[in-house]
1. Using a 10 Å cut-off around each Cβ, can you sort Lys269, Lys323 from fewest to most neighbouring Cβ atoms?
2. Starting from 0.36 nm per residue, how many nanometres of slack lie between Glu114 and Thr271 once their C-alpha separation is accounted for?
3. As a footprinting exposure proxy, order Thr241, Thr267, Thr177 by other Cβ within 10 Å, with the fewest listed first.
4. Using a 7 Å offset from the Cα along the Cα-to-Cβ direction at both Gln420 and Thr309, what is the distance between the two label points in nm, to one decimal?
5. If you average the sequence gap of Cα pairs under 8 Å that are 6 or more apart and divide by the length of region 90-334, what percent do you get for the contact order?
6. Can you order the peptides 91-103, 388-400 by their average number of other Cβ atoms within 10 Å per residue, highest first?
7. At 0.36 nm per residue, and after removing the present C-alpha to C-alpha distance, how many nm does the segment from Ser332 to Lys390 gain when stretched out fully?
8. Applying 1/(1 + (r/R0)^6) with R0 = 45 Å to the Cβ-Cβ distance of Asn403 and Lys321, what FRET efficiency is obtained, to the nearest 0.05?
Amino acid sequence: MSFFKKLVKKDKDGSRSPKASKGSPTSTRQPNSPSTNDDEIEKFDEENMSNANMDMDAPEDKKRLWSRVSGLIGKDTMSLVSLPVYFFEPITVLQAQVEPLRFVHLIEKACEMENSLDRMCYITAFNISLFSSYVRTAKPFNPLLGETFEYIPKEGNYRTICEQVSHHPPIGIAETTSSKFRLQQESHITTKFWGNSVDIFSQGNNHLYLLDHDDYYSWKVPASCCHNILLGRMWVEHHGTLSITNHKTGEKAIINFSKSSWFDGSTKKITGEIFDSLGRKRFLVNGKWNECVIITKLDDRGTKCDEFTIWKAQPDPEIEKNKWKLCKFIQSFNEMSEDYESILPPTDSRLRPDRKYLEYGENKLANREKAKIEERERAKRKERELSGKKWEPKYFKRVDDPNFGSRWCYLENYWDQREQRINKFRLNRSLKDLSITDITDSDFSPKNPKTLDSPKSKNIEMIKHDNDKSADQTFISSPKSNVTTYTTVYEKSSDQKPTSNSTTTTTTFVQQPSATGTSSN
């Protein structure tokens with residue numbers, strides 16, 4: 001039985017959690033992670049969501065929602081409210097963590113620069129450009145504890161594995177490896193609800209290594225605010241300070257994201273400076289986070305001597321065609337052939353039934369599956385609490401860090417397990433007529449979405465992996481060499497032996513040495 005199938009089994013008693021207790025607004029400081037008891041979680045039942053099927057913007061349901069959340073003003077609502085699916089887009093937070101790699105070419109360009117300040121310019125541009133994707137107002141699904149997502153682009157020299165490593169507070173880790181760089185992003189979000197708007201604060205640290213230069217960068221992203229969530233047209237802004245540090249050289253970038261005002265409206269402006277290791281201002285940064293980043297070079301006297309646009313947003317016609325305004329890159333996250341589905345772990349975000357139903361417009365079914373998954377997840381947490389069993393992530397481990405107190409270390413085991421699943425897949429089926437398969441060969445597009453409700457539907461029946469018998473299965477990785485080679489497509493051959501007609505694509509990754517002695521990051 002797969003991970004998500006386990007979670008949607010009905011509880012015998014059909015009990016519901018009591019409503020969240022009311023509270024008063026708190027200060028405007030960034031909130032700490034809430035110590036909310038699971039019994040306080042607000043749960044929407046099927047009756048309350050029965051009218052949420054036809055439209056992404058359902059006024060009557062928004063009125064009903066306001067009656068339930070009006071007592072939560074000033075609180076962190078991440079764990080207090082279960083929202084109906086018309087607030088969502090058909091991706092999870094783990095998948096959203098891969099979204100910045102849409103601009104991975106800026107990191108790759110930084111790797112080519114010989115001068116460390118030039119590299120800082122491109123790393124700064126990368127961190128600003130990623131916000132241009134964050135203009136959508138729909139919310140990604142919260143991942144379940146132990147949920148995963150893998151991504152290997154059809155054209156690209158990197159691969160990413162994400163895992164939800166904590167539920168309270170909600171933390172997801174994305175580890176991207178390449179022959180040139182290594183990137184770790186930590187999604188640790190807290191929120192504060194103000195009635196018709198929500199402030200979103202990122203508490204997670206992000207780490208980037210440029211392997212050829214031994215550069216190590218770290219940063220936190222600025223805050224965001226989603227306006228008019230219940231009344232008016234929703235829109236998103238980002239505000240606050242982005243501070244990037246090169247720990248090897250001591251160089252820094254300080255970028256300010258301007259907050260809108262009654263007079264200026266939504267400005268989207270960014271201004272900032274890049275400093276050398278002696279604290280001298282060497283570059284000015286200006287532009288708009290949704291349009292462009294302009295770099296102005298300063299000479300030794302601080303005089304402007306050169307100016308250029310380091311990044312400019314490119315139009316994507318797929319955005320206007322998509323119901324949720326998802327670009328072509330993000331749409332590729334859910335593309336899945338039957339063969340590719342067979343080698344995914346049962347914890348992968350693509351396999352979530354609530355996400356699948358939403359993607360095909362079946363909001364009522366998506367609401368039902370979402371409620372079942374959440375109810376079952378709460379029951380599993382209570383079981384762990386009663387048994388005293390502590391959850392341990394499968395692919396990451398928390399370790400001490402001299403700069404940040406602690407951070408997450410990738411255990412270097414996911415891609416080995418993936419290779420095992422591919423080998424088992426090859427053994428379990430004939431290779432006689434096997435076509436070359438990659439993540440873009442999607443046959444997951446039924447003409448009639450209503451077939452999703454059928455128990456016989458391949459799209460809803462999850463794949464059972466004998467080598468993944470439980471979501472919390474532990475794996476002890478064996479010693480590895482400094483080079484990892486993995487296969488991104490399957491061989492096309494008449495037997496199991498390689499032939500001259502076999503087609504195989506492989507990519508080699510050089511693993512980065514440990515920076516702290518305890519972490520492989």
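Bear in mind these aren't lab numbers, they're just calculated from the coordinates by the rules spelled out. Fair warning: this is a prediction, and the values are worked out from it, not measured in the lab. Heads up, the Cβs are rebuilt from the backbone with ideal geometry, glycines too, and the neighbour counts pull from every protein chain shown.
1. Working: Lys269 16, Lys323 12.
By the 10 Å Cβ count, ascending, the order reads Lys323, Lys269.
2. On the way: separation 157, 0.36 × 157 = 56.52 nm, distance 2.53 nm.
Working it through step by step, the gained length comes to 54.0 nm.
3. Ascending number of Cβ neighbours within 10 Å: Thr241, Thr267, Thr177.
4. The modelled label-to-label distance comes out at 5.1 nm.
5. Numbers: 534 pairs, mean separation 33.1, N = 245.
Worked out over region 90-334, it gives 14 percent.
6. Values: 91-103: 23.2, 388-400: 15.3.
Final packing ranking: 91-103, 388-400.
7. On the way: separation 58, 0.36 × 58 = 20.88 nm, distance 3.49 nm.
Once the chain is fully extended between Ser332 and Lys390, it gains 17.4 nm.
8. Working: r = 44 Å, r/R0 = 0.98.
Plugging the Cβ-Cβ distance into 1/(1 + (r/R0)^6) gives 0.55.
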